[in-house]
Amino acid sequence: MSTKQKNWVFSDQRLQHLRQEYENYTKEDFGVWKILFERQMPNLPKAASVAYLEGVELVKFSADRIANFEELNKVLMETTGWEVQVVPGLIDDDLFFGLLNNRKFPSSTWLRTMEQLDYLEEPDMFHDAFAHMPLLTNQPYVDFLENLSGIALKHIDNPYAVQLLSRIYWFTIEFGLIREDGELKIYGAGILSSAGETKFSLSNEPAHLEYDVRKIMNQEYWKDRFQDKYFVIESYEQLYESLPEIEEVLEEMLMKDEK
């Protein structure tokens, strides 16, 4: 990524003055966070990756306190050099990947209402914080995230390339599984924030496939229901080490598309 691109990300007018107004959270907001936290956290000691559970301890998430980004950023900067960047909601691909490539994780600050506890079309702050941020303390994981985003930025004007890389992101960062001590564990944020998919993803119902860059790039995904297959990594180092292959397969598929 060029210096010009990096400077563009930091000076983007869409992000200036955006911050978490922690004092504006209401009693209902704290109640929603508490319900969601207490509904999901008891499932995770046996289901989640060790790196996620260690991350929860590091960032000190709890049922009684909504995640505080100011406090969180201090921990992240000390562990991996990352920080959280407040965004207004869903953002364009160029800004999304630009932030990640600059070690800034985009997050909304709004929480769903009591009426939206079980279904939400757009990810809220509980998903962004509870599910994603503990793993930002894991160095190989964030190194993969940063460099995958760098690849995306090289092809940001090519929708097909972005689609292929989004599949990698989807089946790893959002819906990935990892094998630890011979057992399947969850590290994908889309699963970690869903009690239903936590149970489903580890059951015998869906297919569990070995991590395969080519298969993932050829695999469509669903946004409105549980996945029917999940890809399993052996370590976070494996993710990082797969980056050259991701670039190679991407270039190959782009060349085929041009013919």
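Every number in this text was worked out from the coordinates using simple rules, so none of it is lab data. Keep in mind the model is a prediction, meaning the values are calculated, not measured. Neighbour counts are summed over all protein chains in view; Cβ atoms, including those assigned to glycine, are modelled from backbone coordinates with ideal geometry.
The computed Rg/Rh (Cα atoms, Kirkwood Rh) for the structure shown corresponds, within (i) 1.08; (ii) 0.92; (iii) 0.95, to (iii). Ordering 17, 127 from the fewest to the most neighbouring beta carbons within 10 Å gives 17, 127. Near residue 229, the amide H atoms lying under 5 Å from its own belong to 207; only residues 5 or more places off or on other chains count, and H is placed 1.01 Å from N. Would you tally the net charge around residue 22, using a Cβ to Cβ cut-off of less than 13 Å, leaving residue 22 out, and scoring K and R as +1, D and E as -1? Around residue 22, the charge tally is -3. Of the residues 125, 99, 239, the one whose Cα sits farthest toward the positive end of the charge dipole of the chain, with +1 on the Cβ of Lys and Arg and -1 on the Cβ of Asp and Glu, is 125. Considering only beta bridges that DSSP places wholly inside the chain, some 30 percent are antiparallel. Just to confirm my numbers, what's the Cα centroid distance between region 126-150 and region 161-176 in Å? With region 126-150 and region 161-176 each reduced to a Cα centre, they are spaced 13 Å.
In plain terms, the residue of 203, 108 with the fewest other Cβ atoms within 10 Å comes first and the most crowded comes last, giving 203, 108. As a length-normalised measure over Cα pairs under 8 Å and 6 or more apart, the relative contact order of region 196-250 settles at 42 percent. Stretching residue 43 away from residue 74 to a fully extended chain increases their span by 8.4 nm, per 0.36 nm per residue minus the current alpha-carbon distance. This ranking places 232, 75 by how few other beta-carbon atoms lie within 10 Å of each, fewest first, which gives 232, 75. As a length-normalised measure over Cα pairs under 8 Å and 6 or more apart, the relative contact order of region 3-258 settles at 19 percent. Over all orientations, region 34-181 has a Cα convex hull whose mean projected area works out to 9.0 square nanometres.
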